Amino acid sequence: MAPILGRAAQRAKMEGVKTPSAEALVRRVAALPAAGPLLAALGQTPGVYLVGGAVRDLLLEREPFELDLVVEADPGQVAARLGAPIHVHDRFGTASVTVDGFRYDIARARRETYARPGALPEVAPASLGEDLLRRDFTVNAAAISLGGRQPGALVAAPSALEDLDARRLRVFHDTSFVDDPTRLFRLARYASRLEFAVALHTLELARRAVRTGALATVSAPRVGTELKRLAREPDPIAALHYLGRLGLDVAIHPRFGLSDPALARRALALLGGDAQRGTLALAVASLQVPPGELSEMLDALAFDAAERDTILAAARRAGELAAALQQTRLPSEIADAVTGAGPELVAIAGALGPAGAAREWLDSIRHVRLQIDGNDLLGAGIAAGPAIGRGLRAALAAKRDGRAPGREAELAEALRAAAGNG
């Protein structure tokens, strides 16, 4: 298990986080691609603040994932200034709007109370200072004024800048994870992505919340949403592995969890960049869950059909496919072994042992295409029917194995097989 104080926290002790001037913060905000249409529309509108993770990342001189705004007025009125269709969520005093491909979430400054553990919050308008105190972690409790008399003015809750300077994740109050257990997933995401330390008391609170069943107070689809969001992290392996440090993985299912991060990293290395990295990571974390129970779990967590099927296929077939690939010699044999398998499944099977065969299929074999098609066989006198498919399959196998390097050779192989001579 990695130490609670990680490398990022140790670097912070030497480097520190310098608080920029208001003018420098305005320049940092304006340099963001998403900030252009926002600042142009808002002008000098007072009472509008960039808030949360975006401010944290700007202070760390990183580019934010998204821009969240908090306003001291009606969020719908502010959203209307952006001149695009608005989606208003009256219950939470929020609105969202998309301009030039950029989405902005706008919330009224508010306080939150929870009727029971795990319930959605009841909200009421409040000051900006109170709004910052409801944030999940202190390092996210800062805001930058975008207009008014002091654009670029930085407002932070107590301990926010101190904890950011120390690269430390800390909650504001002891019931934080009980009130909103989805913060447990955010803790795993931030700790892995930012490489921040977790304050010892916060870590104890998180583990206690998991032990006492906090996750059971949240609906399964909300848990599923958080799990999928976690899997979309830049390093889904680190994020999923952190769930194990909290005991949160086995709270989802007793046999769910990334017990072998090295296996997952080997699979990701094989996969490359053209498939779903997060789905692959979830599939590896699901390998020990019995398939029947896994199907029920994914349905309860409201996974969509495509992602559900990919994860299930890995759990059911990865070991069997690994064994089959071990026996292959020719490219056509590799292709036959992986028939019906997606790239995530092949990558996981390869990570279990036959990496060379898996890499060959992922990198080259699956991209081999014939120059001929069924019309060429019909034109050569082959009657419509099963012989057409048999001939094309034989031609593709020959091309994969290097025996049909061009169109004429493909057609010869296809005609021989279609006629029953192959």
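The values are calculated or read from the model by the stated rules, or taken from the named source; none is laboratory data. Note that the structure is predicted; figures quoted are calculated from it, not measured. Note that each Cβ is placed from the backbone with ideal geometry, even for glycine, and that neighbours are counted across all protein chains shown. Surface accessibility is based on the protein's heavy atoms, side chains included, excluding ligands, DNA and RNA. Shrake-Rupley method; radii C 1.70, N 1.55, O 1.52, S 1.80 Å.
What residue among D376, D74, D131 has the largest mean-square fluctuation in a Gaussian network model of the chain, using Cα springs under 10 Å? Greatest mean-square fluctuation among the candidates belongs to D376.
Classify the stretch 56-191 from the C-alpha gyration tensor, please: rounded if a/c falls under 1.5, else prolate or oblate depending on whether a/b exceeds b/c. The shape class here is oblate.
Annotation for A73 and R416: the two label points, set 7 Å from Cα along the Cα-Cβ direction, are 8.0 nm apart. Mean sequence separation of contacting Cα pairs (under 8 Å, at least six apart), scaled by the length of the chain, corresponds to a relative contact order of 10 percent.
Only bridges whose two residues both fall in the chain count here: according to DSSP, what percent of them are antiparallel, nearest 5?
Values: 24 of 31 bridges.
Counting only bridges with both partners in the chain, antiparallel ones make up about 75 percent.
Structure remark: mean-square fluctuation, Gaussian network model of the chain, C-alpha springs under 10 Å; the largest value among V178, V78, V139 belongs to V78. The accessible surface of the stretch 199-262, taken with every protein chain in place and a 1.4 Å probe, is 56 percent carbon and sulfur.
Distance between the modelled labels on E63 and T217, one decimal in nanometres: 3.9 nm (7 Å Cα→Cβ projection).
The HN-Hα couplings worked out from phi for the stretch 335-351 by the Karplus form 6.51 cos²θ - 1.76 cosθ + 1.60 (θ = phi - 60°) are 4, 5, 5, 9, 3, x, 8, x, x, 5, 5, 5, 5, 5, 4, x, 5 Hz, whole numbers, x standing for Gly and Pro.
To the nearest 20 debye, what charge dipole does the chain have about its Cα centre, counting +1 at the Cβ of each Lys and Arg and -1 at the Cβ of each Asp and Glu? Don't jump to the answer; show the numbers that get you there.
Working: 51 positive and 49 negative charges, 130 e Å.
It works out to roughly 620 debye.
Across the stretch 243-260, rounded Karplus estimates of 3J(HN,Hα) from the backbone phi angles (6.51 cos²θ - 1.76 cosθ + 1.60, θ = phi - 60°) give 4, x, 5, 8, x, 7, 5, 6, 6, 6, 7, x, 10, 8, x, 8, 6, 10 Hz, Gly and Pro being marked x.
Remark: spin-label model distance D401-A306 equals 3.5 nm, labels positioned 7 Å along the Cα→Cβ axis.
Just going by the charge dipole of the chain, with Lys and Arg at +1 and Asp and Glu at -1 on Cβ, which of A95, G389, L128 is farthest out on the positive end? Farthest towards the positive end: L128.
What does the charge dipole of the stretch 51-183 about its Cα centre add up to, to the nearest 20 debye, if the Cβ of each Lys and Arg holds +1 and the Cβ of each Asp and Glu holds -1? Please report the intermediate quantities before stating the final value.
On the way: 16 positive and 21 negative charges, 18 e Å.
So the dipole magnitude of the stretch 51-183 works out to roughly 80 debye.
Here the calculated FRET efficiency for E204 and R149, from their Cβ-Cβ distance with R0 = 45 Å, stands at 0.55, rounded to the nearest 0.05.
Sequence gap at least 6, Cα distance under 8 Å: using those rules, report the relative contact order of the stretch 231-350 to the nearest whole percent. Walk me through the numbers before you get to the answer.
Details: 142 pairs, mean separation 32.5, N = 120.
Across the stretch 231-350, relative contact order equals 27 percent.
Taking every protein chain into account, the accessible area of the chain amounts to 46 square angstrom per residue (probe 1.4 Å). Which residue, G406, G342, G257, tops the fluctuation ranking in a GNM of the chain built on C-alpha contacts under 10 Å? Top of the fluctuation ranking is G406. Under 12 Å from the Cβ of H253, count the other residues' Cβ atoms, weight Lys and Arg +1, Asp and Glu -1, and hand me the total. Once all neighbours under 12 Å are counted, the net charge is -2.
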